[in-house]
1. For the protein assembly as shown, place one equal point scatterer on every Cα, skip the solvent, and apply the Debye formula. What is log10 of I(q)/I(0) at q = 0.09 Å⁻¹?
2. To the nearest 500 deg cm²/dmol, what mean residue ellipticity at 222 nm is calculated for the protein assembly as shown from DSSP H runs of n ≥ 4 alone, each contributing -39,500 (n - 2.57), summed and divided by the residues?
3. Per 0.36 nm of contour for each residue apart, how much would the distance between residue B:3 and residue B:73 grow if the chain were fully extended, relative to their Cα-Cα spacing?
4. How would you rank B:20, B:127, going from fewest to most other Cβ atoms within 10 Å of each one's own Cβ?
5. Hey, rough spin-label estimate for residue A:96 and residue B:153, points 7 angstrom out along Cα→Cβ, what's it come to in nanometres?
């Protein structure tokens, strides 16, 4: 069961993290930016579970961190969707460049 | 066998994550993100976290992604809504993300693996063990997260309601 090296799991989660970061920087659509944040949170979750399994296989702390991160991500998505709907109502667009009243 | 499954799932996760970021249509992004979540759930199963995999699929693929799809359909977004992005921004994002990733992978590469590979019980991630620890050691964070959900619910309702003039 342990024939997968820990480093390969870490490489996967690093790749997912930076794909999410790239998406967060390049997309101007606020929903896709939110999806990039979900990708970043998931890569962190993979790290927590991998370290829990490989370093402390008899404990469950990493799993609980992952579960609480999932819970917080759900709450965050709900609030963010409400903000997006409000933004669309007032600007008729979900482009982040259009909401620039606080910029200058 | 486990190794092949792991590499297949990693390939699937990274490929569909790239498609999430690259594809122009937000609906396609959401569908690729669901594929990514299923691949990540497969990773959890391989790492003996079966309950976490189930929770992950239920919460992400079942709740959050449905919410996203609803909003995308309600706001009637499609590919030609996607705004123009400048080449410079893409270039800067590639440089930033790529350099940081190279640094991190370079730092990880030389780490000596002194992982305790000692007897991982296959049933450590099942709901019986998790529930016992959750309601003993993690009872306070559990209750605090319920307060978090309550405030998130109130906030979402307050933000989403129409402006009363």
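Taken together, the values in this text are just the output of simple stated rules run on the coordinates, not laboratory data. These numbers come from a predicted model, not from an experiment. A quick note on method: Cβ atoms are made from the backbone with ideal geometry, for glycine too, and the neighbour counts reach across all protein chains shown.
1. Here log10 of I(q) over I(0) equals -0.45.
2. Details: 10 runs with 193 residues, N = 269.
Estimated from H runs of four or more residues: -24500 deg cm²/dmol.
3. Net length gain for the segment: 21.3 nm.
4. B:127, B:20
5. Going from the residue A:96 label point to the residue B:153 one covers 3.0 nm.
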